[in-house]
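Read the structure below first, then the notes.
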Amino acid sequence: MASSTAITKIDLGADGFKKIASGKVREIFEIDSQTLLFVATDRISAYDVILDNEQFGGFLEVANPQNGDHQGIPQKGALLTQLSAHWFKRIASWLPDLRTHFLSTTLPPDLPTSLPFQQLQNRSMLVDRLRILPLESIVRGYITGSAWAEYIKSGTVHGIPMPKGLRESERLEKPIWTPSTKAEVGGKDENISPDAARELIGEAVARRVEEASLAIYEKAHAYAAERGIIIADTKFEFGGDVETGEVVLVDEVLTPDSSRFWPADQYEVGRSQVSYDKQYLRDWLTSSGLKGKEGVNMPEEVVAETGKKYREAYEKLTDSKWSNTA
Ligand code: ATP
Ligand code: MG
């Protein structure tokens, strides 16, 4: 597989693996009743709008380099998986009491030989299968995005009263837990108050989710800051172990897709910040009048520049060179 080819769809049905879910970026297959293969494709979403709605809605998909199509970012899926794995290992050492769904990035040796191993390697994780809590557990250390919009309107963030006089992108005195609902594919997540979240998933579970999210954010923020990256906010997901009632960290963690990463050396309070990774794509979509249009093909340059930013984030955060054979 040429490293310049984006892999935007993966189907293992012919190899006997049932696809149990397909998100904007990932395809999830059943290995057995307790284990899933969590595969990140090279798809990329921007602006929460439908750019190519053939099957998934709301994101770019399908690479056909023969036709000059560029609808994914080559190696992005592998990079997201390896970066998540990096964080899962860090989190295990920072917070040994917090269970995560992460098992391994090594494919089990007994998988059928018909599988496209080359396409799966590096972009796949074996994870514990869990019931996912219907909540996006967002932590914000800085006021930006939808939180800034709400603050300007009402002085609150997810209904939480905030101090007066905050400026755009300002660091908050303390990071805050600002959950949202988890919309169905194609829908839009809605910001909710911590109280509404407690009602949704129950007091005890909500407390554990909040504590864990804030604890991870604080550790990761300090870790990234030493490497020139500000984690402005991030989104976690949690699962519940039905048998034990335990709360388990799932999904991807602390990637450019689930977080706002800002280059620390360009940070300036009082304005919006440059998005680390998707700025080229967004600027190009806006300037070429394609924002919100369907079936968009990115020019080669946008693909290359976007890929470069993802690699830069990976390299800074892991202290290592990106290599697709990691
Ligand atoms: P959405 O979460 O709304 O589908 P998404 O587009 O971000 O949005 P992806 O990141 O592409 O989704 O796919 C990941 C999906 O897998 C999410 O729906 C997530 O809730 C689910 N998931 C994550 N970890 C697990 C797990 N351990 N067991 C079952 N499902 C999981
Ligand atoms: Mg996701």
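Within the range 221-326, which trypsin sites (Lys or Arg not before Pro) sit in a loop by DSSP and count at most 15 neighbouring Cβ atoms inside 10 Å? Show your work: numbers first, answer last.
Values: sites: R227, K235, R260, R271, K278, R282, K291, K293, K308, K309, R311, K316, K321; in loops: R227, R271, K278, K291, K293, K321.
Counting only loop positions with at most 15 other Cβ atoms within 10 Å, the trypsin sites (Lys or Arg not before Pro) in the range 221-326 are R227, R271, K291, K293, K321.
Summing +1 for each Lys or Arg and -1 for each Asp or Glu, what net charge is found among the other residues whose Cβ lies under 15 Å from the Cβ of E211? Walk me through the numbers before you get to the answer.
Details: positive: R99, K174, R198, R207, R208, K219; negative: D97, E203, E210, E218, E246.
In short, +1.
Using the Karplus curve 6.51 cos²θ - 1.76 cosθ + 1.60 with θ = phi - 60°, what ³J(HN,Hα) values do you get for each residue of the range 300-315, in whole Hz, with x for Gly and Pro?
3, 5, 5, 4, 5, 5, 5, x, 4, 5, 4, 5, 4, 4, 4, 5
For an R0 of 41 angstrom, estimate the FRET efficiency from the Cβ-Cβ distance between E300 and D195 and round to the nearest 0.05. Walk me through the intermediate numbers first.
Values: r = 48 Å, r/R0 = 1.18.
Computed FRET efficiency for E300 and D195 comes out at 0.25.
Whole Å is fine, so just give me how far the alpha carbon centre of the range 153-222 lies from that of the range 243-305.
Taking the Cα centre of the range 243-305 as reference, the centre of the range 153-222 is 20 Å away.
What number, rounded to the nearest 500 deg cm²/dmol, is the helix-based mean residue ellipticity at 222 nm of the chain, given -39500 (n - 2.57) per DSSP H run of at least four residues and division by all its residues? Walk me through the numbers on the way to the answer.
On the way: 7 runs with 92 residues, N = 326.
Taken over the chain, the calculation gives -9000 deg cm²/dmol.
May I ask you to evaluate 6.51 cos²θ - 1.76 cosθ + 1.60, the Karplus curve with θ = phi - 60°, for each residue of the range 85-100 and list the ³J(HN,Hα) values in order in whole Hz, giving x for glycine and proline?
4, 4, 5, 4, 5, 4, 4, 4, 7, 6, 10, x, 7, 8, 6, 10
Determine the dipole magnitude for the chain: charges of +1 sit on the beta-carbon of Lys and Arg, -1 on that of Asp and Glu, nothing else is charged, the reference point is the Cα centre, and the result goes in debye to the nearest 20. Before the final figure, lay out each step's value.
Values: 38 positive and 48 negative charges, 118 e Å.
Value, rounded to 20: 560 debye.
What is the log10 of I(q)/I(0) for the range 167-263, computed with the Debye formula using one identical point scatterer on each Cα and no solvent, at q = 0.10, 0.20 Å⁻¹?
-0.30, -1.15
For the range 170-176, what does the Karplus curve 6.51 cos²θ - 1.76 cosθ + 1.60, with θ = phi - 60°, yield as ³J(HN,Hα) per residue in whole Hz, taken in order and with x for Gly and Pro?
Each residue of the range 170-176 in turn: 5, 6, 7, 4, 9, x, 10 Hz.
Quick check for the range 132-276: number of Lys pairs with alpha-carbon distance under 26 Å, counting only pairs 8 or more apart or on different chains?
14
Starting from the amide H of I230, placed 1.01 Å from N in the peptide plane, find each other amide H under 5 Å away whose residue is 5 or more places distant or on another chain.
Amide H neighbours of I230: W262, A264.
Under the rule of at least 5 residues apart or a separate chain, name every residue whose amide H is placed under 5 Å from the amide H of L172.
Under 5 Å from the amide H of L172 lie the amide H atoms of Y142, I143, each far enough along the sequence or on another chain.
By the gyration tensor of its Cα atoms, with a ≥ b ≥ c the square roots of the eigenvalues, what is the shape of the chain: rounded for a/c under 1.5, prolate for a/b over b/c, or oblate? Present the calculation step by step, with values, prior to reporting the outcome.
Numbers: a/c = 1.57, a/b = 1.17, b/c = 1.34.
Since a/c reaches 1.5 but b/c is at least a/b, the shape of the chain is classed as oblate.
Expected output is a single nm value to one decimal: the length gained when fully extending between K18 and S93, i.e. 0.36 nm times separation in residues minus the C-alpha distance. What is it?
In short, 23.7 nm is gained.
Local charge sum around L111 (other residues, Cβ-Cβ under 12 Å, Lys/Arg +1, Asp/Glu -1)?
Numbers: positive: none; negative: D15, D32, D110.
Residues near L111 contribute -3 overall.
Computed from the coordinates by the stated procedures, all read-outs in this text should not be read as laboratory data. As the structure is a computational prediction, the values presented were derived from the model and not from experiment. No Cβ is skipped: glycine too gets one built from the backbone with ideal geometry, and neighbour counts run over all protein chains shown.
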